[in-house]
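Readers should treat all values here as calculations from the given coordinates under stated rules, not as data from a laboratory. No experiment lies behind these values; they were computed from the predicted model shown. Quick reminder, even Gly has a Cβ in these numbers, built from the backbone with ideal geometry, and neighbours come from all protein chains shown.
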Amino acid sequence: MSALWQDVRYGMRMLAKNPGFTAVAVLTLALGIGANTAIFSVVNAVLLRPLPYKDPDRLVMVFETEPQLSRAPVTPPDYFDWTEQNQVFESMAAGTQGLGSLTGVGEPEHLEFGPVSANVFEMLSARPLVGRLFRPDEDQPGHNFVVILSHQLWERKFGSHPTVVGRNINIEGSLFEVIGLMPVDFRFPPIWGNRPKFWIPLGLKRDETLRGSHMLWVMGRLKPGATMEKASTEMETIAKRLAKEHPETHANIGVNLVPLREYLTAHVGHTLLVLFGAVGFVLLIACTNVAHTFLARATAREKEIALRTALGASRLRIVRQLLTESVLFSALGAFGGVLFAVWAKDFVLSLGPGDYLSRLGEISVNLRVLAFTLVISLLTGIAFGLVPSLQASDIRLNESLKEGGRSLAAGTRGRRFRNVLVVAEVALAFVLLICAGLLVRSLRALLQVNPGFDVKNLLTMKMELPGRRYGKHEQQARFYQELVEQVNALPGVQAAAATSQLPLEGGNNGYILIEGRPREPAFTGPLVQPTSITLGYFRTIGIRLLRGRHFTSADNPQAPTVAIINDKLARQFWPDDDPLGKRLSLSDRVPIWREVVGIVSDVHQWGLAQEPIAEAYTPYAQEPEPGMSLVVRSEIDPARLTEAIRAKVSELERDLPLFEISTMEQVVARSAGESRFQAALMGIFGLLALALSSIGIYGVISYSVEQRIHEIGIRMALGAERREVLQLIVGHAIVLTLAGVALGLAGAFALTHFVAGMLYAVRPTDPLTFVSVSLLLAGVAVLASNVPARRATKVDPIVALRYQ
């Protein structure tokens, strides 16, 4: 320990003695270590940290399966049957997602909430901060007017006053008694992406008429010792039994069990692991850069090391001293890296769309992340210091102690090792740039997709009419008709309409019937999305009418029911016939026949990356719904119309909150948010790798020129022209770069399949990307080597021949 402490003190003096060298090396390592720490903090929080529940590995999501859907919602009767018949789950809970208006407390607000079975909090081992949880008797229809508030809602809307427990609050026009407040660290699983601000009892009862209504999520807690395999086998047996008992609704229904952790991380797990691998490449490139620097530094210390050896120091002692210095460098890099990671972590989160990366808690630089940083800093110090230390300790005393002895770093082995490092650095950078190029091209292709409508100057907002005041279809239709008329009259508004399902945001879908054709087997055939729209919707949003007519005021509740279909539906169901005048039913159970009166162009309903789904539009007067999205096309900046529209809504219904107010351009941006996040981060890593590689090429060529001054002087004395010297130096850089590109090509072909699932309309072996990156690296090599090469052409042969 005494000798180690002596090495540490000496190493610190050497760092202080060479501040420029120390600053460059530490900064390089801080970038590499900090980027890795930032990404690992996200990976740790999202993928590695245990779920904040008791025995989380025993929590399982249970889904039904359909021929076209592997994770379908569950019907209420099936949930009751599963609960009664299974022998592997300690308990089962169910829930669904809800959107409701909270009024009477400040401004009206539309909030996500969770209708859940009474035992779900017990299953999650959750305890209230104040009050109590649901009782079983409250989980019954008509007895479920109680509510538990999240800590965030309690703090924001009720000022954290515990006296709110026992009070009644107005939700969707009904009074609910607050019985409990959840603690600040409680995180309800974001099932279906729902993040509830409060919970009410589900209030289910067995109703066989709901046997075909898929509406619930189901979670189970396995009994101690029960395995996923055993649970899957038993649940499949129950599913087959239900299929025999209910052939009309369950002929093609199965069951699928997914561990809760896997379910919650499925959408980001692969992306984070790919990014973690990419940032690891950046650290390797940083290590090779520092290794270059250490090799160059060894030249200046050759006589020092030779003197130490002559005084009796063993090679192991020399290696230990040099490794101690390299670990000190990496420790300083780690310190700077942690500071960088704190900022970079927030930057990474800001790039993600919405709550894409947040799972069940805060993403932070905690003890596990710091331990990771300590480990990689030690490994990094050994990685970039070991080979230079071994080479520096392998000296020839007689030659090194001579006044004019040639430096060790100028030897063949030193040159070869530096060349190998440059080749490896370029290869790593090539792989990263290929992945970045593919993702950027994929994002560009995605953003060039025509969504099927005109996104410019279009404002959208959502609203949900309270059921108690607008329980009848006539009331709903009258409200939206008056709202659209009043918004159309506002200054700056070109057109306004409402729709039940906004493009690019998904929606409900199902199976249809075609008049005169036999009913398809259950859960087979193309899925069709029904959308209810007010008059003028197609003109407002910019969807083209291909054939037939628009809806008119004559399509009222007393008139024959009609529909307008999109081109996709027409091609799927009438590939060789004209669908105009034909009849279809949007329900495959009790047919309500609608005449097809028009065909419109396709719209990307489920995101830019998803192909348009078959869609059938119905006039709102014939198919009213309480929840609608208002779309307004304006002559001015659409965001400036928000307050005027809010005022019109308030005139019609004072406590009706508007939510998800955004322009259609923002909706389109959200649709490409995940691809933009992936491309941005990989692009940053690629540019960082490119910058480090160019610095590495510059350093090696610059040092090579310095060591070959004598040779260059001889060449110029023998008649070599400056152009030839320039070609010699730049050619050496290009040869190293091409060798790195060749190695990188093999690596890229082997590794790009990991990003294949993240690409849209671009192949993992896209020729344009591979050629562009190869040319880019060649160009960078020429630029990086140009400065030292031009310096070499200015060598005075007389001075060079006296060198050393």
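Summary of computed values
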| item | result |
| --- | --- |
| Fewest-first ranking of Glu425, Glu615, Glu234, using other Cβ atoms within 10 Å as the exposure measure | Glu234, Glu615, Glu425 |
| Selected from Phe659, Pro136, Leu202, residue furthest toward positive end of dipole (the chain; charges at beta carbon) | Phe659 |
| Part-to-part distance (alpha-carbon centres) for region 93-146 and region 1-32, which is given in Å | 58 |
| Neighbour cut-off at most 16 other Cβ (10 Å), DSSP loop, chymotrypsin sites (Phe, Trp or Tyr not before Pro), region 716-804 | Tyr803 |
| Rg/Rh for region 58-265, where both radii come from Cα atoms and Rh is the Kirkwood radius | 0.99 |
| Three-way shape call for region 452-508 based on the alpha-carbon gyration tensor, with the a/c threshold at 1.5 | oblate |
| Selection from Asn566, Thr373, Gly542, by position along the positive dipole direction of the chain (Cβ) | Thr373 |
| Under the Debye formula (equal points on every Cα, no solvent term), log10 I(q)/I(0) of region 83-158 at q = 0.22, 0.25 Å⁻¹ | -1.22, -1.40 |
| Value of relative contact order over the chain, rounded to a whole percent, pairs C-alpha under 8 Å and six or more apart | 17 |
| Of the trypsin sites (Lys or Arg not before Pro) in region 137-220, those whose Cβ has at most 14 other Cβ within 10 Å and which sit in DSSP loop | Arg167, Lys205, Arg206 |
| Cβ-based exposure ranking for Thr227, Thr103, in which fewest neighbours within 10 Å come first | Thr227, Thr103 |
| Calculated SAXS-style log₁₀ I(q)/I(0) at q = 0.07, 0.10 Å⁻¹ - the chain, Debye, Cα scatterers | -0.71, -1.13 |
| Length added when fully stretched, Arg478-Leu390, from 0.36 nm per residue minus Cα-Cα | 23.2 nm |
| For region 659-690 and region 205-235, distance of Cα centres in Å | 37 |
| Relative frequency of Cα-Cα separations exceeding 17 Å in region 616-677, percent | 57 |
| Global form of region 1-46, assessed from the alpha-carbon gyration tensor, a/c cut-off 1.5 | oblate |
| Loop chymotrypsin sites (Phe, Trp or Tyr not before Pro), region 124-198 (other Cβ atoms within 10 Å of the site Cβ: 15 or fewer; DSSP) | Phe145 |
| Those residues of region 105-147 whose amide nitrogen sits under 15 Å from the label point placed on Val184, 7 Å along Cα→Cβ | 129-130 |
| Segment Val258-Ser213, length gained on full extension (0.36 nm per residue, minus Cα span) | 14.1 nm |
| Karplus-derived HN-Hα couplings along region 742-758 (A = 6.51, B = -1.76, C = 1.60, θ = phi - 60°), whole Hz, x at Gly and Pro | 4, 5, x, 4, 4, x, 5, 4, 7, 9, 5, 5, 5, 9, 4, x, 9 |
| Leu379/Arg315 FRET efficiency (R0 22 Å; Cβ-Cβ; nearest 0.05) | 0.45 |
| Projected-area average for region 499-552 over all orientations - Cα convex hull basis, square nanometres | 5.2 |
| All-pairs alpha carbon distance profile, region 694-750, 5 Å steps from 0, percent | 4, 16, 22, 21, 14, 10, 6, 4, 2, 1 |
| Burial ordering of Trp343, Trp199, fewest other beta-carbon atoms within 10 Å first | Trp343, Trp199 |
| Residue pairs, from the table Lys456/Lys648; Lys456/Lys568; Lys157/Lys648; Lys205/Lys472; Lys17/Lys303; Lys157/Lys456, whose Cα atoms sit over 27 Å apart | Lys157/Lys456 |
| Cα-based shape type of region 645-698, given that a ≥ b ≥ c are square roots of the gyration tensor eigenvalues and the cut on a/c is 1.5 | prolate |
| Debye, to nearest 20: dipole size of region 561-664, +1 on Lys, Arg Cβ, -1 on Asp, Glu Cβ | 140 |
| Extension reserve of the Asp55-Val787 stretch, reckoned as 0.36 nm per residue once the Cα distance is removed | 257.4 nm |
| Net charge dipole size for region 466-655 [Lys, Arg +1 and Asp, Glu -1 on Cβ; Debye, nearest 20] | 220 |
| Residue-averaged 222 nm ellipticity for the chain, from DSSP H runs of 4+ at -39500 (n - 2.57), nearest 500 | -16000 deg cm²/dmol |
